[in-house]
Amino acid sequence: MRIRDGVGRSGEGWFAACVRMRVGDEANTSFWCDCWCGGVPFCERFRHLYDLADNKEITVRNMFLLGWEDGGEAWQWRRRLWVWEEECLEECRNYCLMFFAGYIY
């Protein structure tokens, strides 16, 4: 705990800045709340989509299995998305696809 907080080392919170989460089989990795794709969780990067999502507790694995491509069943919303929200969703899907293609680490 002290290491994570930067106690005894120069710099605040160096542990969190230097350690990355390994996704593994994605079974225990939160799609929305864990930093599995880049350094910012999707609940922050795509805050508006997260607010509209019905499946806030879904894992990366289950999103992938349900299909996060265009028309995939993984995307469940409280209401129909507006055009600008669909564009945001497209950006989110592209992050997912790039990650699994090996472009984002």
**Prompt:** If you take the beta carbon distance between Asp51 and Ala101 as r and set R0 to 25 Å, what does 1/(1 + (r/R0)^6) give as a FRET efficiency, to the nearest 0.05?
**Reply:** 0.35
**Request:** Taking the Cβ of Cys88 as the centre, find all other residues whose Cβ is under 12 Å away and add up their charges (Lys, Arg: +1; Asp, Glu: -1).
**Result:** -3
**Message:** What distance in nm lies between label points placed 7 Å from Cα along the C-beta direction at Arg78 and Ala27?
**Reply:** 3.2
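Let a ≥ b ≥ c be the square roots of the eigenvalues of the Cα gyration tensor of the stretch 25-101; is it rounded (a/c under 1.5), or, if not, prolate (a/b larger than b/c) or oblate? Walk me through the intermediate numbers first.
Values: a/c = 1.38, a/b = 1.34, b/c = 1.03.
Since a/c stays below 1.5, the shape of the stretch 25-101 is classed as rounded.
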**Asked** So, in nm, how far is label Glu86 from label Arg61 when the simple model puts each one 7 Å beyond its Cα toward the Cβ?
**Response** 3.3
**Request:** Would you mind checking which residues have amide H under 5 Å from Thr59's amide H? H placed 1.01 Å from N; only 5 or more apart, or other chain.
**Result:** Phe31
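All of the numbers you see were taken from the coordinates with simple rules; none came from a lab. This is a predicted model, so every value here is computed, not measured. Using ideal geometry, Cβ is built from the backbone for each residue, glycine included, and neighbour counts are taken over all protein chains shown.
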